[in-house]
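Peer 1: This is the structure I have questions about; it appears just below.
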Amino acid sequence: MKILNIQQIREADQYTIENEPIKSIDLMERASYELFTWITERFNNDFSVYVLAGSGNNGGDGLVVARLLSESDYKVQVILPLGKNGSDDFEENLKRLKKINTVLILEELPEQISEKSIIIDAIFGSGLSRPIEGRLADLIKKVNNFEANKIAIDMPSGLFADKASPSEIIFKADYTLSFQVPKLAFMMAENQEYIGEFEILDIKLDKEYINNCLSDYSIYEVDSVIKNRLKLKSIAHKGNRGRATIIAGGYARMGAAILAARACLHSGIGLISVQTCPHCIDIVQNQIPEALILTDENEYVLGSYLDYSKQDVIVFGPAIGFAHKTLVLLENLLKDYQGQLILDADAITLLAENRELLNLLPEGTILTPHHGEFKRLVGKYSNNFEAIMQLKSFCMHHKVVVVLKGKFSAVCNADGKISFNPTGNAGMAKGGSGDLLCGILAAIYPRIKNSYETAKLAVYLHGLSGDISKEEKGENFMTPSIMIEKLQSAFKKIEN
Ligand SMILES: NC(=O)C1=CN([C@@H]2O[C@H](COP(=O)(O)OP(=O)(O)OC[C@H]3O[C@@H](n4cnc5c(N)ncnc54)[C@H](O)[C@@H]3O)[C@@H](O)[C@H]2O)[C@@H](O)CC1
Ligand SMILES: [K+]
C-alpha cells in the first residue's frame, strides 16, 4: 500500500472533486460516513460521544460524524475550541448540525467524563502547520489524561504527517482513522503512542490518480508473483532448492547459528551447512542433524575461509564476535565470495569499526541492523524521519539492501525505495529473534533471486510467525524457538 505525502493527498482530493466530479462537501460526507460506520460497528449507543472539532475540514469531518451519530441515537456533545468560523465546509456542517437540534455544543470539556465515553479528535488533520500552543495545548493535555476511548480523525492533532513533530503536545489516540492512504508519520516508532492502531478508510478518491502518484514509501503487501517463486517445482531435489551456509557464533555461542540454521531449514532450504569450531561440532550435530558441518580450524572463534563455491547464500555475523581472524574472514568473503551475502549483528559492528570494508560490499548484499547497529554505521539520529533519510542514502551509496529492524521494520532498496513491514509485535524482542530472520532470508533468497524482494518477504514471514506465536502463546511466553515452529502456519497463511 502506497504512502503519500500531504501535498499528494490534497491533490488526489482535488482531482477527485473535479473529475468524479463530487462537491467537496459531499466528499466530506462520504469520508465521514466511513468514520461513522467504523465507530458504530465497534461502539454501541450506550457510549457518550464528545467531538472536539477545529475550524478546518478536519473539524468539518468531526461535525458530520457528530450529526450522523446523533441521528443513530448516540448522546453527542461537541466542543469548538477554535470557534464557530472556519472553512466553508466546516461552517455549512455546523449549520446542518444545529438544524437537527439534538447535539449539545459545550463551551468547555467537562472536568470528569465516564470511561464509557468516546472522545473524537477532529481539531487538526493534515492542515496542521505549527506546534499546538496555549489553550489548545491545555485541552489536549487534559484529554490525554482521560480514560475514555479516543479516536483521531485522519491524524492525531499535533502530529505532523511528513516530518518529525517538534512538540509532545499531541492527542493520544487509541485509534487513528485515516483516509485512503497511510502517512509516513504512522511508520515511526516514536509516534506509536499517539497513533494507537491505525485504520485506512476507503473514501473512494480516484484510484488511477493515486496509482500514478510517485512515492518512495509503501507498506508491504505480499506480492503473488514473488510468492509463487517459493513454490517447489516437482523436479525439486536438495541441490536445486538452494544451499546456505551459516557462519555465526563461536565457542559457547553456537545458539545463534543453531537458531538461524533451524529457521533456514524450516523455510525451505535444500542444504544447510554450519561452520563451527572443532569443539562445537557435537552440539550442532545434536541440535540439527540435517546440517552439514564445515569445520573451522580455529578452536574458539570462526576465522577460516573454507570452500564456499557451491553455496548460494552465506549468513555471516550473529554472535560471531570481533576477533581479528573473524574480521579477516569477513574481508575475504567481501572480496572473494561470489554468492549472496547476508550480514547481521557483529558483522555490522565490524563494518562500522573498519570502514574501509564498506567499499567492498558486493552490490545487493543484505544487511539487517537494529537501530543501535545502524547508528554505528551512519552516526547518531534523533528521530525516525532522520533514520529513514540516513537509510536511503546509505543504501543508494553502497548499492545494498538494508533491513532496519524495529516496529514497522524498514526495508530499503539500493534505489532508495522503502517498504515498511506491517507484521510483528513486541513479544519478538528477545535474543535470538534476529537469528531467525537471517535463516529465513537465506532460505528464500535462492528461489526469489532478488535481494529487495527476498528481504521484504522474509521480514513479513518473520513478523507473521511472531504474530501467530503471540496469538497462540502470548507475548511473554513466546520465544524464537516457538517462532520457528510457527513458521509452518506463516508459510501456509501466505500460500492461501
Ligand atoms: N476534500 C478534502 O480535502 C478532504 C479533506 N478531509 C479532511 O480535511 C482535513 C484537512 O483539512 P484542512 O486543510 O482544512 O486542515 P485542518 O482541518 O487540519 O486545519 C487547518 C486549519 O488549522 C490552522 N492551524 C494549523 N496549525 C495550527 C495550530 N498549531 N494552531 C492553530 N491553528 C492551526 C490552519 O491555519 C487552518 O486554518 C483532513 O485532515 C481531513 O480530515 C476529509 O474531509 C476528506 C476530504
Ligand atoms: K484529528
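Peer 1: So what is the relative contact order for the chain, in percent, with contacts set as C-alpha pairs under 8 Å and at least six apart?
Peer 2: 12 percent
Peer 1: Tell me, what ³J(HN,Hα) does each residue in the range 470-484 have, in order and in whole Hz, if you take phi through Karplus 6.51 cos²θ - 1.76 cosθ + 1.60 with θ = phi - 60° and put x for Gly and Pro?
Peer 2: 4, 4, 8, 10, x, 4, 7, 6, 4, 9, x, 5, 5, 4, 5
Peer 1: Taking the Cα-to-Cβ direction at Ser167 and at Ser489 and moving 7 Å from each Cα, how far apart do the two end points lie in nm?
Peer 2: Placing both labels 7 Å beyond Cα along the Cβ direction yields 4.5 nm.
Peer 1: Let me ask something else about it. Once you list every other residue whose beta carbon is under 12 Å from the beta carbon of Leu306, what net charge do they have if Lys and Arg are +1 and Asp and Glu are -1?
Peer 2: Around Leu306, the surrounding residues sum to -3.
Peer 1: Quick one: work out the % antiparallel among DSSP beta bridges in the chain, nearest 5.
Peer 2: Once the DSSP bridges in the chain are tallied, antiparallel ones form about 10 percent.
Peer 1: Now for a separate question. Give me the number: length gained by fully extending Asn450 to Glu299, i.e. 0.36 nm times residue separation minus the C-alpha to C-alpha distance, one decimal in nm.
Peer 2: Stretched fully, the Asn450-Glu299 segment lengthens by 50.8 nm.
Peer 1: While we're looking at this one, here's another question. Report the GluC sites (Glu not before Pro) located in the range 336-408 that are in a DSSP loop and have at most 12 other Cβ atoms inside 10 Å of their Cβ, or state none.
Peer 2: Glu363
Peer 1: Oh, and also: Could you tell me the convex hull volume per residue, in Å³, taken over the Cα atoms of the range 6-214?
Peer 2: 113 Å³
Peer 1: Moving to a separate point now. Give the lysines whose C-alpha is closer than 16 Å to that of Lys23, dropping any in the same chain fewer than 8 places away, or say none.
Peer 2: Cα-Cα hits under 16 Å: Lys204.
Peer 1: Of all alpha-carbon pairs in the range 137-287, indicate the percentage at a distance above 18 angstrom.
Peer 2: The share of Cα pairs beyond 18 Å in the range 137-287 comes to 72 percent.
Peer 1: Compute the Cα gyration tensor for the chain, then decide on rounded, prolate or oblate, letting a ≥ b ≥ c be the square roots of its eigenvalues: rounded whenever a/c is under 1.5, prolate when a/b is larger than b/c in the other cases, and oblate in all that remain.
Peer 2: Taking the square roots of the gyration eigenvalues as a ≥ b ≥ c, the chain is prolate.
Peer 1: So if I place +1 on the C-beta of Lys and Arg and -1 on the C-beta of Asp and Glu, and nothing else carries charge, what would the dipole magnitude of the range 224-495 be about its Cα centre? I want it in debye, nearest 20.
Peer 2: It comes to approximately 940 debye.
Peer 1: Only helical DSSP H runs with n ≥ 4 go in: add -39500 (n - 2.57) per run for the chain, normalise by residue count and round the 222 nm mean residue ellipticity to 500 deg cm²/dmol.
Peer 2: My calculation for the chain gives -13000 deg cm²/dmol from helical runs alone.
Peer 1: Could you give the dipole magnitude of the range 6-214 about its Cα centre, charging the beta-carbon of Lys and Arg +1 and that of Asp and Glu -1, in debye to the nearest 20?
Peer 2: 420 debye
Peer 1: Among the lysines, which fall within straight-line cross-link reach of Lys233, defined as a Cα-Cα distance under 28 Å, with same-chain neighbours fewer than 8 residues apart omitted?
Peer 2: Of all the lysines, those that pass the test against Lys233 - Cα under 28 Å, at least 8 places apart if same chain - are Lys310, Lys449, Lys456, Lys486, Lys492, Lys493.
Peer 1: What is the range 254-308's relative contact order, in percent, from Cα pairs under 8 angstrom and six or more apart in sequence?
Peer 2: 32 percent
Peer 1: Here's something else I'd like to know. Can you give me the distance in nm between label points at Ser309 and Lys380, each placed 7 Å from the Cα along the Cα-to-Cβ direction?
Peer 2: 5.0 nm
Peer 1: Which distance in nm do the two modelled labels at Arg42 and Arg135 give, with both placed 7 Å along the Cα-to-Cβ direction?
Peer 2: Taking the two extended label points, one gets 3.1 nm.
Peer 1: With a sphere of radius 10 Å drawn around the Cβ of Lys325, what net charge do the other residues whose Cβ falls strictly inside it have (Lys, Arg +1; Asp, Glu -1)?
Peer 2: Charge balance in the 10 Å sphere: -2.
Peer 1: Another one. If the only charges are +1 at each Lys and Arg Cβ and -1 at each Asp and Glu Cβ, what is the size of the charge dipole of the chain around the Cα centre, to the nearest 20 debye?
Peer 2: With only Lys, Arg, Asp and Glu charged at Cβ, the dipole is about 960 debye.
Peer 1: How much length, in nm to one decimal, is gained on full extension between Asn211 and Phe322, taken as 0.36 nm per residue of separation minus their Cα-Cα distance?
Peer 2: Net length gain for the segment: 35.3 nm.
Values quoted throughout were computed directly from the atomic coordinates according to the rules given, and no laboratory measurement underlies them. Quick caveat, the model's predicted, so the values are computed rather than measured. Ideal geometry is used to build each Cβ from the backbone, glycine not excepted, and the neighbour counts take in all protein chains shown.
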